[in-house]
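Only one structure is covered here, and it is reproduced in the block below.
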Amino acid sequence: MTTVGVVGLGYWGPNLARNFDRLPDAELSWLCAGKHCFVEKPLGRSEQEAEAVVEAARAAQRVLMVGHLLEYHPGVERLAELVRSGELGDLRYIYSNRLNLGKHRQDENALWSLGAHDVSVILRLAGEEPYECTAVGESYVKRGVEDVVFAFMRFESGLTAHMHLSWLSGDVFSPRVPNEEPLRIECTHFLDCVRDGAEPRSGGESALRVVRVLERLQRSLVESSHVAGG
């Protein structure tokens, strides 16, 4: 019979041991005591910390498992089977949204709290690690703790992946909207502006701003673009 001891910390304490500020002290102490270890994600706050835990498990010849829960979801498993079998064709691009899920944390940002799940799934589907990782984020609730993050990864195979992570995307609100054809409204607005001498909502100055932003984005796109698979 296998005896299991559960150490609970934090919001998910009743399920798995977890405390971001104390990683990876708990894992190391359990492994050094000769215990198999099943812990919540992430394994560490840095690659160096995570490697120390992996090495401790290897040295102790103990099982180390991390709670990347989505890797065990039947839907993800089926998707991985489809990718491996080639039924979906060549995998070119992965896009993930993880929005308004879980408790808003004060000790870790959306990348580490929410993104760990998505990264684990993306790596499983990709079967490789990215050679390029970029991310931008904003802190709206607590300064220095990003609650909105956009991340991008590029792989040697030509695969790219994008993640949108946020605690701030609220509940869906669907207001009543008139069922009128936008093209008809647009044409009527143009005729009204001609008749009244008014500036159109999407007039020249407005359109100039759009082109200005598009040109800046295109410049950035050219500077950062790669040939897929190259």
Listed residues 122, 185, 94, most fluctuating in the chain (Gaussian network, C-alpha, under 10 Å): 185
Percent antiparallel among DSSP beta bridges confined to the chain, rounded to 5, stands at 60
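May I ask you to compute the full-extension gain from residue 187 to residue 51, defined as 0.36 nm times their residue separation minus their alpha-carbon distance, rounded to one decimal in nm?
Working: separation 136, 0.36 × 136 = 48.96 nm, distance 6.28 nm.
Answer, rounded to one decimal: 42.7 nm.
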Would you look at the GNM of the chain, springs on alpha carbons closer than 10 Å, and say which of 125, 191, 159 moves the most? 191
Enumerate the aspartates and glutamates that residue 35 could reach by cross-link, defined here as Cα to Cα under 20 Å, with residues fewer than 8 away along the same chain left out. 25, 27, 49, 51, 55
Taking the alpha-carbon centroid of each part, what is the distance from the stretch 27-53 to the stretch 134-211 in angstrom? 42
Of the trypsin sites (Lys or Arg not before Pro) in the stretch 62-161, those whose Cβ has at most 11 other Cβ within 10 Å and which sit in DSSP loop: 103, 143
Round to the nearest 10 and give me the degree value, 0 to 90, for the angle of helix 182-196's Cα axis relative to the longest principal axis of the chain. 40
For residue 142, which lysines qualify as cross-link partners when the Cα separation must be under 18 Å and same-chain residues fewer than eight apart are set aside? 103
Along Cα→Cβ, 7 Å out, is where each label goes; now give me the distance between the ones at residue 136 and residue 69 in nm to one decimal. 3.1
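Which order do the peptides 171-181, 27-37, 109-119 come out in when sorted by mean C-beta neighbours inside 10 angstrom, highest first? Show your work: numbers first, answer last.
Details: 171-181: 5.7, 27-37: 17.0, 109-119: 22.3.
Output ranking for 171-181, 27-37, 109-119: 109-119, 27-37, 171-181.
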Quick one: angle between helix 204-224 and the longest Cα principal axis of the chain, in degrees between 0 and 90, rounded to 10, please. 30
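With viscosity set to 0.890 mPa s at 25 °C, what whole-number translational diffusion coefficient in µm²/s follows for the stretch 182-224 from Stokes-Einstein and a Kirkwood radius over Cα pairs? The partial results should precede the final answer.
On the way: Rh = 12.2 Å.
Estimated diffusion coefficient is 202 µm²/s.
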Per-q log10 I(q)/I(0), the chain, q = 0.15 Å⁻¹ (Debye; single scatterer per alpha-carbon; no solvent): -1.20
Neighbour cut-off at most 14 other Cβ (10 Å), DSSP loop, GluC sites (Glu not before Pro), the stretch 28-110: 87
Using helices alone, I'd like the mean residue ellipticity at 222 nm for the chain: each DSSP H run of four-plus residues gives -39500 (n - 2.57), total over residue count, nearest 500. -11500 deg cm²/dmol
Given that compact globular proteins tend to follow 2.2 N^0.38 Å, what is the ratio of the alpha-carbon Rg of the stretch 88-166 to that value? 1.14
Could you give the angle, 0 to 90 degrees to the nearest 10, between helix 47-60's Cα long axis and the longest principal axis of the Cα atoms of the chain? 30
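No lab work stands behind these numbers, since they all come straight from the coordinates. Owing to the predicted nature of the structure, the values given are computational and were not obtained by experimental measurement. With ideal geometry, Cβ positions are generated from the backbone for all residues, glycine too; neighbour counts draw on all protein chains shown.
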